[in-house]
1. Need one number for the stretch 129-194: average projected area of the convex hull over its C-alpha atoms, nm².
2. May I ask you to evaluate 6.51 cos²θ - 1.76 cosθ + 1.60, the Karplus curve with θ = phi - 60°, for each residue of the stretch 87-104 and list the ³J(HN,Hα) values in order in whole Hz, giving x for glycine and proline?
3. Over the alpha-carbon set of the stretch 87-181, work out the extent along each principal axis and list the three values in angstrom, largest first.
4. Among 64-72, 28-36, how do they line up by average Cβ neighbours within 10 Å per residue, starting with the highest?
5. Under 1.5 on a/c is rounded, so check that first for the chain, then, if it is not, pick prolate when a/b is larger than b/c and oblate when it is not; a ≥ b ≥ c are the square roots of the alpha carbon gyration tensor eigenvalues.
6. Using only Cα atoms and rounding to the nearest 10 degrees, what angle (0 to 90) does helix 170-184 make with the longest principal axis of the chain?
7. For G28, list long-range residues whose amide hydrogen, built 1.01 Å from N in the peptide plane, is under 5 Å from its own amide hydrogen.
8. In whole Hz and in residue order, list the ³J(HN,Hα) couplings for the stretch 114-124 that follow from phi through the Karplus curve 6.51 cos²θ - 1.76 cosθ + 1.60, θ = phi - 60°; x for Gly and Pro.
Amino acid sequence: MKKIIIGIVFSFLIFNLYSIPPRDNKTGSVIGIQVSVSGLFAPQVFNGIVFVKLKNGNDFTSGEKVVLSKSRSGFNIYLYNVEPGTYVAVGGSYTSGGGHDSVVFFSTEMVAKTKIVVKSNSITYMGKYTVSTGKHVKDKGDKVQRHYGTNVDSAYPPYVGKIKRSSNTEKDKEAFMKSTIRLLKKSEWSDLVG
């Protein structure tokens, strides 16, 4: 697990924010989410999210696959070529006012809200979240935050992210799908958006 998490941190520097990756197969799916951190004047949008495929959908620490995605378009962050299964978002990064990437791991409460079941050839939305950050994971993290966040090799220690606001209404889903259709309609993924 430690090597996976360290690999994720290094990957934060490699991924292109606006790229749409090629489709691996015709059964791959897409996950989307919006996450921002509350700021002094305006929220800062996350530029990467750590997604986890769970072995046991009721145990958020049972990750069988941990994947970072920095494929961002507007406020949405996407994970492409997703295999069917149960997924959650456990953390991410944003560029802080100091200009460095701050790594945040989400509370168990937020991780539970992001839980989705992905089917073949689908687009699934996890919702829209605003988090507040504060203490470091090793000092104040809950079980899930400590599980994913204590092995991160970073110049800056990862923070605890707590839900400030969350929304996953029909209106949110419609807005997400509208922007996703615009993004994917001229790509290899066009069959998913009609």
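Bear in mind that the values in this text are calculations on the coordinates, not laboratory data. What you are looking at is a predicted structure, and each value in this text was computed from that prediction instead of being measured. Quick reminder, even Gly has a Cβ in these numbers, built from the backbone with ideal geometry, and neighbours come from all protein chains shown.
1. 7.1
2. Along the stretch 87-104, the couplings run 10, 9, 9, 10, x, x, 9, 9, 8, 7, x, x, x, 10, 6, 9, 9, 10 Hz.
3. Here the Cα extents, ordered largest to smallest, are 38, 28, 24 Å.
4. 28-36, 64-72
5. Verdict is prolate for the chain.
6. 70
7. N121
8. Result, rounded to whole Hz: 7, 4, 9, 10, 9, 9, 4, 6, 9, 10, 10.
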